[in-house]
Amino acid sequence: MSKKIKIDSLYEKLVNEEDARVCKAIDESACKVVPGNFFITIISYFFNKLADSVANAKIVLPWIMESLNVPIFLISFLVPIRESGSLLPQLVIAAYIRKMPIRKNIWVLGSFGQALCMIGIAIVAITLEGIAAGYAIIGLLILFSLARGLSSVAAKDVVGKTIPKTRRGALNGWSASAAGILVIALGIYFLINGEKPFSPSNFAVLLSLAGLFWIIAGIVYSRIKEFDGETEGGGNAAVVAFKKLSILKTDNNFRLFVITRALFLCSVLSAPFYVVLAQKNSDSNTYLLGLFILSSGMANLFSAPIWGKFSDISSRKVMIYGALICSVLGIFIFFMDMYFQSLFSIIWVMPILYFILSIGYQGIRIGRKTYLVDLAEGNKRTDYVAVSNTLIGIILLFSGLIGTLSSIISLAGVILFLSILGIIGIILALKLPEIE
């Protein structure tokens, strides 16, 4: 009993809880165990986000593939495959998940799947090289993304059943911030060893560590106290999947959200171009890698809790402010490339700009996740997540073509183009309703 009292007390302090009964959209039984579920979810999310950061597809994986002499055209598919592979199957996956009254086990299964695939990539790093290594990594990354899709669909539904509306943003914020602390330590490690080459075997250890983190995340998540939920609509997966696309016609707010989210992809799509710009103007790869990892971790540490708390007040505004940061920064980089190109040769300039980009990205990510979970309740939430993620996955598949523009309008020009898309997204987001 004393342990429960301590957990409840810590929970109240962490979320500034004044009214212990803020439960409006979750049932009575779930409301009684909110503090315990809150901390279990934070711990599992912490290890999940830590693993994500260690095996970063925008920074770490490209470095590994380059060290293995993998062709550039395969490296360019990393982010689109990682993101779209986890999103595209979700309409079908959601129909199966809908049949299950308890859905946390799907998240656990996805977490274990990600662990196995990442350990597989670690094995590739020490056994293969060149195009063979490239195809093996891409193949494992596809499987990794499918496992990630399982967790993605289940996560929002489990959170919707176990955590009250006004606490969901804080949940994402605190877990991302905690993971940022250890990512900073990893960045510092790279800085200390900046003059030493980071071998494929070193990367293999790093990716195996990421796999271990996903296993721990799954074990912790399995301890969430989840109660039976709605199971209606669990018919034939493919039929149900396509029927649910009609939501886009009938639900104006959801349709506007999906369009806005697509335009806000400017942040994640522009990130690799920041790294490439830095690489083209620096010879210190390992040191530069450390700076980028450090900036990413610091951005998570300092901005995620703020964005998380702000999301519980207005997730819509969080999305808008995050996109505004990314878009204005992209425009700034374009003009810097036009008139002050010599600044790119200063090794710490691009990591600092990447830090600012990561802050904006965290705002978009935490804001849109909180907004989507709050926008619907019950099985409708699962449908929203599945339809939205599937459509975004389709868009991401074609996003790799954006990189071909660099030969026409330069890397900075591509960043500018993505920033303009972000501005359009901001204009549309202003029309989204606030969720209370």
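The values are calculated or read from the model by the stated rules, or taken from the named source; none is laboratory data. Since the model is a prediction, treat every value here as computed from it, not as a measurement. Virtual Cβ from ideal backbone geometry, glycine too; neighbours counted across all protein chains shown. Calculation scope for accessible area: heavy atoms of the full protein, side chains included, ligands and nucleic acids excluded. Shrake-Rupley method; radii C 1.70, N 1.55, O 1.52, S 1.80 Å.
Worth a mention:
- Phe254 being among the aromatic types (Phe, Trp, Tyr) and more than 28 Å from Met65 (Cα to Cα): yes
- Here Leu88 fits the description: modelled with pLDDT under 80, touching a Leu at 6+ places or on another chain (Cβ under 8 Å) and open to solvent by 40 Å² or more (accessible area, probe 1.4 Å).
- Yes/no for Leu289 being in contact (Cβ under 8 Å) with a residue 40 or more places away in the chain and farther than 24 Å from Ala178 by Cα: no
- Taken over region 330-351, the criterion of being open to solvent by 80 Å² or more (accessible area, probe 1.4 Å) and assigned to a helix (DSSP H, G or I) is satisfied by Phe332, Phe335, Met338, Tyr339, Gln341, Ser342.
- Conditions (1) more than 15 Å from the chain's Cα centre (by Cα); (2) open to solvent by less than 20 Å² (accessible area, probe 1.4 Å); (3) farther than 18 Å from Ala429 by Cα; (4) among the polar types (S, T, N, Q); number of the one not met by Ser327: (3)
- Residues that are modelled with pLDDT of 80 or more, of a type in the set (A, V, I, L, M, F, W, C) and crowded, with 17+ Cβ neighbours inside 10 Å, drawn from region 186-211: Phe203, Ala204, Leu206, Leu207, Leu209, Ala210
- Being open to solvent by 10 Å² or more (accessible area, probe 1.4 Å), modelled with pLDDT of 75 or more and outside any helix (DSSP H, G or I) holds for only one residue in Lys58, Lys99, and it is Lys58.
- Checking Tyr371, Tyr384 one by one, the residue that is among the aromatic types (Phe, Trp, Tyr), under 16 Å from Phe264 (Cα atoms) and open to solvent by less than 10 Å² (accessible area, probe 1.4 Å) is Tyr371 and no other.
Residues checked against (1) touching a helix residue (DSSP H, G or I) at 6+ places or on another chain (Cβ under 7 Å); (2) at pLDDT 75 or above; (3) within 30 Å of Pro351 (Cβ to Cβ):
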{"residue": "Gly139", "(1), (2), (3)": "no, yes, no"}
{"residue": "Leu143", "(1), (2), (3)": "yes, yes, no"}
{"residue": "Ile184", "(1), (2), (3)": "yes, yes, yes"}
{"residue": "Arg223", "(1), (2), (3)": "yes, yes, no"}
{"residue": "Asn236", "(1), (2), (3)": "no, no, no"}
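- Cβ separations smaller than 6 Å between residues 6+ apart or across chains give the following pairs from region 126-144 residues that are in a helix (DSSP H, G or I) to residues that are of a type in the set (S, T, N, Q): Ile126/Ser201; Gly130/Asn69; Phe144/Gln114.
- Top-ranked residue of region 271-310 - restricted to ones that are over 17 Å from the mean Cα position of the chain (by Cα) and of a type in the set (Gly, Ala, Ser), ranked as surrounded by the fewest Cβ atoms within 10 Å (Cβ to Cβ): Ser284
- Inter-residue pairs, beta-carbon under 6 Å, first under 20 Å from Leu209 (Cα atoms) and in region 101-116, second open to solvent by 50 Å² or more (accessible area, probe 1.4 Å) and part of a helix (DSSP H, G or I), 6+ apart: Ala115/Ile215
- Filter result (farther than 20 Å from Leu74 by Cα and modelled with pLDDT of 80 or more) within region 392-421: Ile392, Ala412, Gly413, Ile415, Leu416, Phe417, Leu418, Ser419, Ile420, Leu421
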